[in-house]
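Okay, here's the structure, questions in a sec.
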Amino acid sequence: MKKTRGNSIWKELFLRLIHNKRAIFAMAILLLLILIVIFADLIIPYSKAVDQNILDRFTRPNSSHWFGTDKYGRDQFARTIHGTRISLLIGFGSATIAAILGTTIGVAAAYFGGKVDNIICRILDIWMAMPSLLVTLAIIAGLGVGIPQTIFALAFGATPGFARTLRAAALSVASQEFIESSVAQGASHGRIMLHDLVPNVISQILIQFTMNVSYMILLGSTLSFLGLGAQPPTPEWGAMLAEGLQDYQFYPYLVMFPGMFLALTALAINIFGDALRDGFDPKLKGRA
């Protein structure tokens, strides 16, 4: 990716995305989710997601309760809608932190090279050798359960993989002439990495970030399902699945709706990530 072609690259990417039916589907789903996150309180009050009404417990889906109610009489539609905020916060929050740290580490390793690169690579090797799920559980055990702890733990586990990917992408850019020119002109290391290297690996950053968001949402829901993520009565899709699992044989809607939202969100993000990959490099289309 050349700096002089920056605007045309984004234009080409946009044109490829809008001519990709799968990308349009994914973007429509993601736009709907973003609107839900922004206007959740206008769609249905948060109080209905947490307030208990025993008289309405286990009400099946109807015109008053579109997704039914749980064993505490809480409206499942409200919990699913407001759970969108929590699940996306965990996914995007952890992926953003991992992207910032991973890009910084990976680009620095590629730019400085030599001993610095070797040291960083060995640290990443050790980091990646640790089972990410066990490390995540250990961090949560040490810091306690909760949404901030979950975000930090997931970001910590995703950072080395992100750094490895960005290092590989930045290596081919770090040896180009315009980088040598910036060095010759006396530009600082930070400026060269930020203004020369990062813009030229932005495609890899976006693709890796998108894929990480999907994984983080699923893993965050898994932790909540196990009782290690969002804590009751906070509505979160994984926690809702755990609560509904106890009575799903008689009231399947308790797991059907949060499970459907979780699966559709992960699917849409993965499809959009594939479309981004194909958009940046059409030659990769159709490859695994």
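Return yes when Asp196 is without any contact (Cβ under 8 Å) to a residue 24 or more places away in the chain and assigned to a helix (DSSP H, G or I) and no when it is not.
No.
A further question on this structure: Name, by its number, the condition in (1) of a type outside the set (A, V, I, L, M, F, W, C); (2) modelled with pLDDT under 90; (3) buried (at least 20 other Cβ atoms within 10 Å of the Cβ); (4) farther than 23 Å from Pro148 by Cβ that does not hold for Arg167.
(2)
Is it true that some residue in the range 3-23 is surrounded by 19 or more Cβ atoms within 10 Å (Cβ to Cβ), touching a residue at least 12 places away in the same chain (Cβ under 8 Å) and under 21 Å from Leu267 (Cα atoms)?
Yes; the residues of the range 3-23 include at least one that is surrounded by 19 or more Cβ atoms within 10 Å (Cβ to Cβ), touching a residue at least 12 places away in the same chain (Cβ under 8 Å) and under 21 Å from Leu267 (Cα atoms).
Restricting attention to the range 175-209, report how many residues are within 30 Å of Trp237 (Cα to Cα) and buried (at least 19 other Cβ atoms within 10 Å of the Cβ).
5
Turning to a different aspect of this structure: Find the residue count for the range 139-157, including only residues that are farther than 14 Å from Ala99 by Cβ and either hydrophobic (A, V, I, L, M, F, W, C) or part of a helix (DSSP H, G or I) (or both).
Total satisfying the criteria: 12.
Across the range 38-65, what is the number of residues that are under 24 Å from Arg85 (Cα atoms), acidic (Asp, Glu) and surrounded by 14 or more Cβ atoms within 10 Å (Cβ to Cβ)?
Final tally of qualifying residues: 1.
Only residues in the range 231-253 that are among the charged types (D, E, K, R) count as the first member; pair them with residues that are at pLDDT 90 or above and part of a loop (DSSP other than H, G, I, E, B), Cβ under 7 angstrom, at least 6 apart or cross-chain, and list the lot.
Sorted first by the residue in the range 231-253, then by its partner, the pairs are Glu243/Asp70; Asp247/Lys71.
Another question, if that's okay. Which residue pairs have Cβ atoms under 7 Å apart, sit 6 or more places apart or on different chains, and have a first residue in the range 74-102 that is over 19 Å from Met216 (Cβ atoms) and a second that is surrounded by 23 or more Cβ atoms within 10 Å (Cβ to Cβ) and β-branched (Val, Ile, Thr)?
Sorted first by the residue in the range 74-102, then by its partner, the pairs are Asp75/Thr69; Gln76/Thr69.
Follow-up question, since we're still on this one. Which condition number in (1) in contact with a Phe, Trp or Tyr (Cβ under 6 Å, 6 or more places away or on another chain); (2) under 30 Å from Ser203 (Cα atoms) is the one that His82 fails?
All conditions pass for His82, except number (2).
Please find, within the range 223-270, the residue that is nearest to Leu31 (Cα to Cα) out of those that are among the aromatic types (Phe, Trp, Tyr) and surrounded by 18 or more Cβ atoms within 10 Å (Cβ to Cβ).
Phe261
The values are calculated or read from the model by the stated rules, or taken from the named source; none is laboratory data. Just so it is clear, the structure is predicted and the values come from calculations on it, not from any experiment. Cβ: placed from backbone, ideal geometry, glycine included. Neighbour counts: every protein chain shown.
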